[in-house]
Amino acid sequence: MMDKIVVNTAIVGSGASGLAAAITAAERIGGKNVILIEKQAKAGRKLLATGNGRCNISNKNINKSHYYGDEKLISSVLRDFGYNELIRFFRELGLLIREDSDGRLYPYSNQASTVLDCMRNRLIRLGVKEYCSCNINTAEYKNGRILLRNEETEMLAENVIFSCGSKASPSLGSDSSGLGLLKNAGIRSAPLFPSLSPVETKEKYKVLKGVRAKGRVSVICDGNTVRQKQGEIQFNDKGISGICVFECSRLINEYLYFHTVFGKSCRKLYVSIDLMPDYYEKELCSYLRLCRKISDQQPAADILSGALNKRLSEVLVKYCRIDKKPCRDLKESDIMQLSTAVKNFCFTPVNSDSFKTAQVCAGGIGSDEVDPDTLMSRKIKNLYICGEMLNVDGDCGGFNLHFAFGSGIKAAKNIK
Ligand SMILES: Cc1cc2nc3c(=O)[nH]c(=O)nc-3n(C[C@H](O)[C@H](O)[C@H](O)COP(=O)(O)OP(=O)(O)OC[C@H]3O[C@@H](n4cnc5c(N)ncnc54)[C@H](O)[C@@H]3O)c2cc1C
């Protein structure tokens, strides 16, 4: 027997944006008139994984410059929901927030589960019913109402808010099936590509797996530096990772997926890592000459032993093909070559399934399909779209969750 449910507002997807939408809708029209549908066994699985389990909920420096994609949507959501509004929203749920020295906001408990608990407890108090393990696989639009369905359940709603996420980290629930449902209804979206992901490279240095270094990452497109980020770089057996690599990955993935960078054609792109950005090449050469004297008969890799991680030094001397020489036999040309390698350690990004490891997706539904002032579909009345389904993605640092919460709240404020 098929379950039949009739409700005023159904929210499909209980991630960050869906939870925020459900709270706001229930506060406006009463919890009994709102249902929250989730295909996984529990709500908010991705939320629990955010910020390494700490949930970097937002950022003190929320502004448009940290976002990419559809400018009208970005402006409209941030206009209503900035730093103060986020603090107020969570304070009303009883969540205390702390800020780190870079302006990143975390729950005071440092546990993502506190954020989810505060949101879910509010939904329980409001009387919102949650339908978990309920994968919506068809959506039909009839006589001004929307019929959501799967094999066991039919749900007929006056308003539907789609908050199904995109395609990043599908193991946590979002696999772009929501965008597929809307595509069937004629709602188009810009092609997706991963952002905030590790980068797989042609050069694979297995020995570097687990090595961390502070450095500067530059993305070079047809000879021009198009992005530069400084910070911690993590090496793994497939390529490179770490926050500054994540922050360059949007451009790198755009190139890998479309052969463009910032929408313009790019023929060749590579990544250059400066492992000692605090030193000019000339200073580094003088230092290496000094170490050549000090290290004398020791293997070439020891010339960098006072400056870099041992495994990195070994890879770099091999990269320069000087690993078989003792330090004292290194010629002036070897010193120059090694200092260039330290300052310009090159990697060639290659295609991989970065959606699996990405934190967010670029692309999605834009303001040509939804009204930025209400987040209602321009084609289907009373159908709203929020969160990562929209063509907006942000930098690392809490910007993506902030947009998810803000857009969920905005959509719910506009239901009739
Ligand atoms: C590992 C990781 C760490 C991250 N850390 C941070 C961080 O610290 N700070 C930050 O700002 N951002 C972070 N992000 C990004 C952030 O989590 C996302 O941008 C945000 O969760 C998007 O929220 P959403 O509600 O749009 O989608 P999601 O959170 O993906 O939620 C969508 C929900 O919809 C459900 N669903 C999908 N299709 C259907 C369907 N057909 N029927 C029923 N249910 C469906 C899914 O199961 C899912 O629960 C991180 C992401 C990852 C993967």
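The values are calculated or read from the model by the stated rules, or taken from the named source; none is laboratory data. All values derive from a computational prediction rather than experimental measurement. For neighbour counting, all protein chains shown are included, and Cβ atoms are generated from backbone atoms with ideal geometry for every residue, glycine included. Areas reflect the complete protein model, heavy atoms only, side chains present, ligands, DNA and RNA absent. Shrake-Rupley method; radii C 1.70, N 1.55, O 1.52, S 1.80 Å.
Taken over segment 350-366, the criterion of being of a type outside the set (Lys, Arg), open to solvent by 10 Å² or more (accessible area, probe 1.4 Å) and touching a residue at least 24 places away in the same chain (Cβ under 8 Å) is satisfied by Val350, Asn351, Ser352, Phe355, Thr357, Gln359. Residues that are of a type in the set (A, V, I, L, M, F, W, C), part of a helix (DSSP H, G or I), in contact (Cβ under 8 Å) with a residue 40 or more places away in the chain and within 28 Å of Asp368 (Cα to Cα) are absent from segment 39-59 altogether. Among the residues of segment 59-70, some residue qualifies, meaning at least one is open to solvent by 30 Å² or more (accessible area, probe 1.4 Å) and closer than 30 Å to Ile136 by Cα. Taken over segment 370-416, residues that are within 16 Å of the ligand (Cβ to nearest atom) and assigned to a loop (DSSP other than H, G, I, E, B) amount to 7.
Could you run through segment 367-387 and say how many residues are out of contact with any Lys or Arg (no Cβ under 8 Å at 6 or more places or on another chain) and either surrounded by fewer than 24 Cβ atoms within 10 Å (Cβ to Cβ) or without any contact (Cβ under 8 Å) to a residue 12 or more places away in the chain (or both)?
So the answer is 8.
Among the residues of segment 44-58, not a single one is touching a Phe, Trp or Tyr at 6+ places or on another chain (Cβ under 8 Å), more than 8 Å from the ligand (Cβ to nearest atom), open to solvent by less than 10 Å² (accessible area, probe 1.4 Å) and within 18 Å of Ala404 (Cα to Cα). For Asp102, the conditions (1) within 16 Å of the ligand (Cβ to nearest atom); (2) at pLDDT 95 or above; (3) within 27 Å of the chain's Cα centre (by Cα); (4) open to solvent by 60 Å² or more (accessible area, probe 1.4 Å) all hold with the exception of (2).
What about Thr138, is it out of contact with any Asp or Glu (no Cβ under 7 Å at 6 or more places or on another chain) and within 12 Å of the ligand (Cβ to nearest atom)? Answer is yes for this residue. Restricting attention to segment 236-248, the residues that are open to solvent by less than 60 Å² (accessible area, probe 1.4 Å), touching a Ser or Thr at 6+ places or on another chain (Cβ under 9 Å) and either in a loop (DSSP other than H, G, I, E, B) or over 21 Å from Thr50 (Cα atoms) (or both) add up to 1.
Does Ser75 fit the bill of being of a type in the set (S, T, N, Q), surrounded by fewer than 24 Cβ atoms within 10 Å (Cβ to Cβ), away from the ligand (no atom under 14 Å from the Cβ) and touching a residue at least 60 places away in the same chain (Cβ under 8 Å)?
Yes; evaluated as a whole, the condition is true for this residue.
Just one of Gly173, Gly144 is assigned by TED's automatic domain parsing to the domain that holds Ile87 and more than 10 Å from the ligand (Cβ to nearest atom); which is it?
That would be Gly144, the only listed residue that is assigned by TED's automatic domain parsing to the domain that holds Ile87 and more than 10 Å from the ligand (Cβ to nearest atom).
Against the numbered list (1) open to solvent by 70 Å² or more (accessible area, probe 1.4 Å); (2) without any contact (Cβ under 8 Å) to a residue 40 or more places away in the chain, Leu251 comes up short only at (1). With a requirement of 2 or more residues that are open to solvent by less than 40 Å² (accessible area, probe 1.4 Å) and of a type in the set (A, V, I, L, M, F, W, C), the strands (runs of 3 or more DSSP E) lying completely within segment 114-214 that satisfy it span 145-149, 153-162, 190-195.
In the condition set (1) open to solvent by 20 Å² or more (accessible area, probe 1.4 Å); (2) in a helix (DSSP H, G or I), Ala301 is compliant with all but (1). For the residues Ile35, Ile5, the requirement of being of a type in the set (Val, Ile, Thr), modelled with pLDDT under 95, more than 7 Å from the ligand (Cβ to nearest atom) and not in a loop (DSSP other than H, G, I, E, B) singles out Ile5. Out of all the residues in segment 219-263, which are at pLDDT below 95 and basic (Lys, Arg)? Within segment 219-263, just Lys238 meets the criteria. Looking only at segment 256-269, decide whether some residue is polar (S, T, N, Q), assigned to a strand (DSSP E or B) and away from the ligand (no atom under 16 Å from the Cβ). Yes, segment 256-269 has at least one match.
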